[in-house]
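This report concerns only the one structure given below.
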Amino acid sequence: MKNKFIYLAILAAGFASCEPEFENEVGANYTSGDADFTTYVAVGNSLTAGYMDGTVSRGGQAYSFPNLLAQRFALVGGGEFTQPSYADDVNNLGGLTLGGIQIGSTRLVIDYSQSRPENLVGTPTIEVSNLQATAYNNMGVPGAKSFHLVASGYGNLAGVALGQSNPYFVRHATTPSATVLGDAMSKNPTFFTNWIGANDVLSYATNGGAQSDGVTPAADHNTTGNMNPATYGGNDITNSTVFASVYSTIVNTLISGGAKGVVATVPSVTSIPYFTTVPYNALPAEATSSNATAIALYQFLAVATGGRISPLNTAAGTKNPVLIKDNDLTDISSTIQAYAAGSGNPLLMANAAALGAIYGQARHATSNDLVVLPASSIIGQPNASATAPFNINGVTWPLANKWVLTANEKTKVANATASYNAAIVSIANANDLAVADMNAIMNQLISGLRVEDGTIYTANYFSAATASTVLFSLDGVHPNPRGYAVIANEILKVINSHYNANLPIYTAANFPGINIVPTN
Amino acid sequence: MRKLLSLTLLALAGSTAFAGGYRVSIQGQKQLAMGHTGVAVVNSAEVAFFNPAGMVYLDKKFNLSVGGNGLFANTKFQNSQYGWEAETKNVGTPFSIYATYKLNDWFTAGLAVYTPYGSAVEWDQDWQGSHLVNNIDLQAIFVQPSLSIRVGEHFSVGGGPILATGSVNFNRNVDRSTTNSQGERTDLTIESKGITAWGYTAGFMFNPTDKLRIGMNYRSEIMMEARDGDATFNDYPEFGTAPTTKFNADLPLPAELTVGLSYKFTDKFLMAFDYNRAMWSVYKNLDVDFTNPDLVDSHNPRNYKNSSTYRVGMQYAANNKFTFRAGWYFDESPVQDGYFAPETPRNDSMGYTGGLTYQVNSKLGIDVSFLYLHFDEVDNSYDYVSDGSSFEGTYKSVVFSPGIGITYGF
């Protein structure tokens, strides 16, 4: 009997050894390499904060790329990673309120019943004056430009209403006079990511080169030579020398405690669906061919503008470019007014002065102009501040400055972006920091970025066809969770190669894309 | 075991699925213990499966063999590039019932009931490969009446029709990201029961001397045709309505040719050698057609290749009470590189078998067997996911199976 028990024991041991075992378990070769992830701090703007769908929300913030990175760092000694609290976003709506008054929109979703993006219905509960006075590992501040990171008072509640401070930073600045960089350094980082600089040019671009009034041209300080960012308008392009100087200060501060890190370049606007989704020739002939007034008006303008504006093409299947106002054009309003006054047409004669004012700097958009995403909802609609029949946006009412990044404006943006990126790479190289070339990666997205598992991602805006591969959120500028996973992967790969680390990447395809609700 | 694996399954594309399964070579305790040789072995009623032509050589007028196994199949999966880990542990219970009856010196009739396909794979729901398979359960029972005819002193033929009855249940996520509003991944289950199909088996046995037997057996391909099976979407996004549909799919159970010999070195010691060729190349694709025209049919390349299994077994009759058996085989996987899907995570394997019979009396014997199937760790991928991606990783499987049965005859 005893023998039988022995045999049973041997049999049991045999079964236990039947458990499959790998020669190297999955995490066996993970390493931090030359980097020390004990305290990871991320500085940057909305892209670092986890901003998406036009806001920061409690749910969206979880997908910030620094948070994704930190989960990988934790495999090789990375410590706790904290992000600003959005516990007050109880309904996961996003948005912002200041003193109970809504100052930021709720997050965008696709309303399936309407087949369009809409702000989620509801009242935001993220209150700016709900001060946390805490330094976090994620110091991404939506809206921040390079020089804002070192600006005292950028987190002062009193400045929000005056446009002098940033509501997001106000919520967690340790003191009203604290700087973003100072709060970041209070964490004593051993490793950092720095992705700042996009807003130094992007706020100009997303506003179509206009100031906040939507009409007046914003300044390119590479042209003006203005070196004092304190005097810059919100949508101005930061002077490249100023940018390089501030960027150098930021990097030198971040590495002052011996930290290593990754810096990221500024993406080109031409790789962002906010600028590439709405076609310049958005007007189908079917829509304009029945508009006798427009046809007649264009025929008149073709003469009055000396050919700057062409007659509408009414052939079926063709499209007409939208009509835009280009502030860089010579103003020929008096010529147009004179033509109208002498046209013999009662309508034109009665409106001669108005016609001159409306079309004096009007032209057709071309393929070199970028019509911004929000314009899609106003093109073809009557403009409230105009008078019929010269009031249809993009048709008989030229699109205002803010709707279009013209070819000239685009060049300014491109030049500034190139200068910034040259500075970023140069400063990083001088300090032996890793560079995540997000500009190059975003440019690859234009033709299709093939990732490790064979999936091909593009920079397209959401559509039914792209639902499972879209990387951008509904604001057209910021990534969605899947896009942030792609970004995290690119940074992880840079860390692996530059710092001889071995960290696993993410499967972007498993991350959520666009939030679609049945009704809103 | 011949291939614990082999059949396969499906992955669906777009929003579909169907299943394949395993060829489970556990068709008798005595023969399993001998490396699952048997096309030229006349030991018991198990020969009704291995080569019906041999039934006529059984000494007793009536022979019955009944047995079953616990089949434990464990597979681990990992991918260090993504930090993935997953595991599937499954238990199957293949069984067999064989009976023969000697009508006269020239004719023996037999009946075989066995489960050559079955078992299951069950990964964690929503695991990293959930767009290919969450779980699959394929079952098939073969019922095979047979006749064995002696043609002269040294030669016999045998065969019979096979009625296959099967069912399949397969679940996978519809893609790699779609969820409902609670974040639960959308998945699809397809299920079909009571699928029946016919095939046949035929072979011969030649005994040129008292010591040498030579056998050949052929089992035909059987096409399992699932028609109007149920397809059910789960956790479908709230903004849409889950489509209602049925599905049709065909799954081939491939033809198999076996040749072999056995040689009786002494009265007590016998060795057997079998070679199997499974015609897996018939399994090009797993296509699941949805009856709802709004759904994209699922096309899943499989591209299996014909595969061979090499078996050797031996038997030593120690005394009147005890007979010992051992065996070994090499089992080649029909799955080609780049088509390695987690529904059938099996590469080439080596089987080690052993067992014994305790003869209680002249009529009744008790058979036990044990199989250990060794798989090398393998890096492979499935490169034909419908969304254009590839699913890659390292797999390591272990399979073992203890079994018990009785042999009765008079």
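The values are calculated or read from the model by the stated rules, or taken from the named source; none is laboratory data. Quick caveat, the model's predicted, so the values are computed rather than measured. Glycine gets a Cβ as well: all are built from the backbone with ideal geometry, and neighbour counts include every protein chain shown. Side chains included, ligands, DNA and RNA excluded: accessible areas come from the protein's heavy atoms. Shrake-Rupley method; radii C 1.70, N 1.55, O 1.52, S 1.80 Å.
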*Scan the stretch A:256-280 residue by residue and report those that are basic (Lys, Arg) and part of a loop (DSSP other than H, G, I, E, B).*
none
*Between residues in the stretch B:357-370 that are over 15 Å from B:ASN63 (Cα atoms) and residues that are of a type in the set (Phe, Trp, Tyr) and assigned to a strand (DSSP E or B), which pairs lie under 9 Å by C-beta distance while being six or more apart or on different chains?*
B:THR357/B:PHE322; B:THR357/B:PHE324; B:TYR358/B:PHE322; B:VAL368/B:TYR358; B:PHE370/B:TYR352; B:PHE370/B:PHE400
*Out of the residues in the stretch B:356-372 that are open to solvent by 20 Å² or more (accessible area, probe 1.4 Å) and either within 24 Å of B:TYR310 (Cα to Cα) or not in a loop (DSSP other than H, G, I, E, B) (or both), state the one that is farthest from the other protein chains (Cβ to nearest Cβ).*
B:LEU364
*In the stretch A:467-489, how many are assigned to a loop (DSSP other than H, G, I, E, B), touching a helix residue (DSSP H, G or I) at 6+ places or on another chain (Cβ under 6 Å) and among the aliphatic types (A, V, I, L, M)?*
2
_Count - residues of the stretch B:382-397 that are buried (at least 20 other Cβ atoms within 10 Å of the Cβ) and within 7 Å of chain A (Cβ to nearest Cβ)_ = 3
*Pick from A:ALA414, A:ALA464, A:ALA418, A:ALA422: which is part of a loop (DSSP other than H, G, I, E, B) and either at pLDDT 95 or above or surrounded by fewer than 17 Cβ atoms within 10 Å (Cβ to Cβ) (or both)?*
A:ALA464
*Report, by residue number, each residue of the stretch B:312-337 that is under 11 Å from B:ALA33 (Cα atoms) and open to solvent by 50 Å² or more (accessible area, probe 1.4 Å).*
B:MET314, B:PHE324, B:TRP328
*Restricting attention to the stretch A:16-37, which residues are touching a Ser or Thr at 6+ places or on another chain (Cβ under 7 Å) and within 11 Å of chain B (Cβ to nearest Cβ)?*
A:PRO20, A:PHE22, A:VAL26, A:ASN29
*asked:* For the stretch A:68-81, give me the residue count where each residue is open to solvent by 30 Å² or more (accessible area, probe 1.4 Å) and either in contact (Cβ under 8 Å) with a residue 60 or more places away in the chain or more than 14 Å from every other protein chain (Cβ to nearest Cβ) (or both).
replied: 6
_Checklist (1) in the same structural domain as A:VAL242 (by TED's automatic domain parsing); (2) among the aliphatic types (A, V, I, L, M); (3) open to solvent by less than 50 Å² (accessible area, probe 1.4 Å) applied to A:ALA400, failing item_ = (1)
*Could you check B:PHE273 against (1) more than 30 Å from B:MET34 (Cβ to Cβ); (2) of a type outside the set (A, V, I, L, M); (3) touching a Leu at 6+ places or on another chain (Cβ under 7 Å) and say which number it fails?*
(1)
*Could you figure out which of (1) touching a helix residue (DSSP H, G or I) at 6+ places or on another chain (Cβ under 7 Å); (2) open to solvent by less than 60 Å² (accessible area, probe 1.4 Å) isn't true of A:GLY233?*
(1)
*Restricting the search to the stretch A:490-504, which residues are open to solvent by 10 Å² or more (accessible area, probe 1.4 Å), out of contact with any Ser or Thr (no Cβ under 8 Å at 6 or more places or on another chain) and within 12 Å of chain B (Cβ to nearest Cβ)?*
A:LYS493, A:ASN496
*Taking strands (runs of 3 or more DSSP E) that do not extend beyond the stretch B:68-148, which have at least 3 residues that are under 25 Å from B:GLN29 (Cα atoms), open to solvent by 10 Å² or more (accessible area, probe 1.4 Å) and within 14 Å of chain A (Cβ to nearest Cβ)?*
B:84-92
*If you check B:PHE375 against the conditions, is it hydrophobic (A, V, I, L, M, F, W, C), within 12 Å of chain A (Cβ to nearest Cβ), within 24 Å of the chain's Cα centre (by Cα) and under 30 Å from B:SER130 (Cβ atoms)?*
yes
*Of everything in the stretch B:289-311 that's among the β-branched types (Val, Ile, Thr) and under 30 Å from B:GLY393 (Cα atoms), which residue is least open to solvent (accessible area, probe 1.4 Å)?*
B:THR309
*Name the single residue, out of those in the stretch A:450-461 being crowded, with 20+ Cβ neighbours inside 10 Å and within 23 Å of A:ILE495 (Cβ to Cβ), that is farthest from the other protein chains (Cβ to nearest Cβ).*
A:TYR457
*asked:* For the stretch A:27-61, which positions are touching a residue at least 40 places away in the same chain (Cβ under 8 Å) and among the aliphatic types (A, V, I, L, M)?
replied: A:ALA35, A:VAL41, A:ALA42, A:VAL43, A:LEU47, A:ALA49, A:MET52, A:VAL56
*Would you mention how many residues in the stretch A:212-226 are of a type in the set (Asp, Glu) and open to solvent by less than 30 Å² (accessible area, probe 1.4 Å)?*
1
*Mind checking which residues of the stretch A:170-211 are hydroxyl-bearing (Ser, Thr, Tyr) and either open to solvent by 20 Å² or more (accessible area, probe 1.4 Å) or part of a helix (DSSP H, G or I) (or both)?*
A:THR174, A:THR175, A:SER177, A:THR179, A:SER186, A:THR190, A:SER203, A:TYR204, A:THR206
*Among the residues of the stretch A:425-449 satisfying the criterion of being part of a loop (DSSP other than H, G, I, E, B) and open to solvent by 40 Å² or more (accessible area, probe 1.4 Å), which is farthest from A:ILE505 (Cα to Cα)?*
A:ASN431
*asked:* Among the residues of the stretch B:207-226, are any in contact with a Gly (Cβ under 8 Å, 6 or more places away or on another chain), within 14 Å of chain A (Cβ to nearest Cβ) and under 23 Å from B:VAL288 (Cα atoms)?
replied: no
*Which condition does B:VAL42 not pass, out of (1) crowded, with 18+ Cβ neighbours inside 10 Å; (2) in a strand (DSSP E or B); (3) more than 14 Å from chain A (Cβ to nearest Cβ), if it passes all the others?*
(2)
*asked:* Go through (1) open to solvent by less than 30 Å² (accessible area, probe 1.4 Å); (2) at the interface with chain B (Cβ under 7 Å from one of its Cβ atoms); (3) within 26 Å of B:TYR236 (Cβ to Cβ) for A:PRO512 and report which single condition fails.
replied: (1)
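Conditions (1) more than 15 Å from B:GLY129 (Cβ to Cβ); (2) over 20 Å from the mean Cα position of the chain (by Cα); (3) polar (S, T, N, Q), marked per residue:
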site	(1), (2), (3)
B:ASP367	yes, yes, no
B:PHE370	yes, no, no
B:ASP387	no, yes, no
B:SER390	no, yes, yes
B:SER401	yes, no, yes
B:GLY405	yes, no, no
*Number of the condition not met by A:ALA158 [criteria: (1) open to solvent by less than 30 Å² (accessible area, probe 1.4 Å); (2) part of a helix (DSSP H, G or I)]*: (1)
*Whichever residue in the stretch B:371-410 is among the acidic types (Asp, Glu) and in contact (Cβ under 8 Å) with a residue 60 or more places away in the chain and, among such residues, is nearest to B:VAL121 (Cα to Cα)*: B:GLU392
